[in-house]
Amino acid sequence: MTRVKICGITNLADAMVAVEAGADALGFIFVEATPRFVSPAQAAAVVRRLPPFVTPVGVFWNQSPGHVKAVAESCGVRALQFHGDETPEELTGYPLPVIKTIKLREAADLARMEAYTVSAFLLDSPARWSEGEARQPIQWALARDARAPAPIILSAGLTPANVAEAIAVARPYAVDVNSGVEASPGRKDPVKVREFLAAVRAGA
């Protein structure tokens with residue numbers, strides 16, 4: 001069964017919609033000056049209300065290990081996702097599972113995974129983070145053919161309309177969606193969230 005992470009959660013209402021629809025994980029973005037930034041206090045208020053088998057994931061970008069650990073401890077996330085230029089050495093020593101994002105332009109980019117010892121890789125578009133506009137999907141066939149040393153999470157441009165095809169082609173461990181289920185940046189559309197989860201379950 002393909003797992004689902006709904007990223008860019010900014011409020012309890014959206015979190016509960018995702019949980020009720022069947023999401024396995026929720027992403028909280030702690031990168032300031034991005035459209036879906038949340039403070040540790042805002043995230044903690046949501047994390048406290050999550051059921052035990054839904055994993056809160058903290059998303060970081062080129063932030064110091066001390067900052068990452070302090071945020072994780074203060075809000076209770078149970079996994080860490082690194083979206084920047086973090087080196088393999090910089091991602092060692094964390095007490096939580098680590099997900100490293102790989103920006104996938106071409107097959108050669110997949111070679112970067114070999115240097116990392118992490119719990120999973122998230123394959124994303126090299127385009128800048130969305131501010132509400134649609135994003136182009138990555139090449140799903142590249143994700144399918146990746147010889148990854150850890151499970152693959154497929155991201156970038158996924159929507160209720162294309163996620164079943166993406167899963168059929170790439171066969172990832174999980175899929176990650178953000179703007180593809182939004183009404184506006186930082187606000188989820190409950191109908192799209194439910195349709196996305198239903199499409200994943202139908203195609204998984």
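Output the antiparallel fraction of DSSP beta bridges having both residues in region 3-203, as a percent to the nearest 5.
The antiparallel proportion sits near 5 percent.
Using 15 Å as the cut-off for backbone N distance, which residues of region 13-30 belong to the label zone defined by a point 7 Å from the Cα of residue 96 along Cα→Cβ?
25-30
Is there a quick way to get the dipole size of region 53-106? I mean about its Cα centre, with the Cβ of Lys and Arg at +1 and of Asp and Glu at -1; what is the value in debye to the nearest 20?
With only Lys, Arg, Asp and Glu charged at Cβ, the dipole is about 180 debye.
Which is farthest toward the positive dipole end of region 57-204 among 66, 198, 84, measuring Cα position about the Cα centre, with Cβ charges +1 (Lys, Arg) and -1 (Asp, Glu)?
Of 66, 198, 84, it is 198.
Relative contact order for the chain: what percent, with Cα pairs under 8 Å and sequence separation of 6 or more?
21 percent
Please work out how much length the chain gains when fully extended from residue 141 to residue 39, using 0.36 nm per residue of separation minus the C-alpha to C-alpha distance, in nm with one decimal.
33.1 nm
Taking the Cβ of residue 82 as the centre, find all other residues whose Cβ is under 14 Å away and add up their charges (Lys, Arg: +1; Asp, Glu: -1).
Result for the neighbourhood of residue 82: -2.
With a sphere of radius 13 Å drawn around the Cβ of residue 112, what net charge do the other residues whose Cβ falls strictly inside it have (Lys, Arg +1; Asp, Glu -1)?
Summing Lys and Arg as +1 and Asp and Glu as -1 gives -2.
Can you give the Kirkwood hydrodynamic radius for region 3-203, in Å, rounded to one decimal and based on Cα pairs?
16.7 Å
Working out 0.36 nm times the residue gap between residue 48 and residue 13, then minus their Cα-Cα distance, what length gain in nm do you get to one decimal?
Length difference between fully extended and current span is 11.3 nm.
So what J values fall out for region 55-62 if you push phi through Karplus, 6.51 cos²θ - 1.76 cosθ + 1.60 with θ = phi - 60°, rounded to Hz, Gly and Pro as x?
8, x, 10, x, 10, 10, 9, 6
When 1/r is averaged over all different Cα pairs and the result inverted, which Kirkwood radius in Å belongs to region 79-123?
Taking the inverse mean of 1/r over all distinct Cα pairs, region 79-123 comes out at 10.7 Å.
Using Cα centres only, tell me the gap between region 76-104 and region 119-194 in whole Å.
Taking the Cα centre of region 119-194 as reference, the centre of region 76-104 is 18 Å away.
Given only helices, namely DSSP H runs of n ≥ 4 each adding -39500 (n - 2.57), what is the per-residue ellipticity at 222 nm of the chain, to the nearest 500 deg cm²/dmol?
-8000 deg cm²/dmol
Figure the gain on full extension for residue 106 and residue 187 (residue separation times 0.36 nm, minus the Cα-Cα span) and round it to one decimal in nm.
Between residue 106 and residue 187, full extension yields an extra 26.0 nm.
In Å, what Rg and Dmax follow from the Cα atoms of region 1-57?
Values for region 1-57 (Cα only, Rg and Dmax): 10.8, 35 Å.
Where a number appears in this text, it was derived from the coordinates with a stated rule and is not lab data. Everything numeric here is computed off the predicted structure, so don't read it as measured data. Virtual Cβ from ideal backbone geometry, glycine too; neighbours counted across all protein chains shown.
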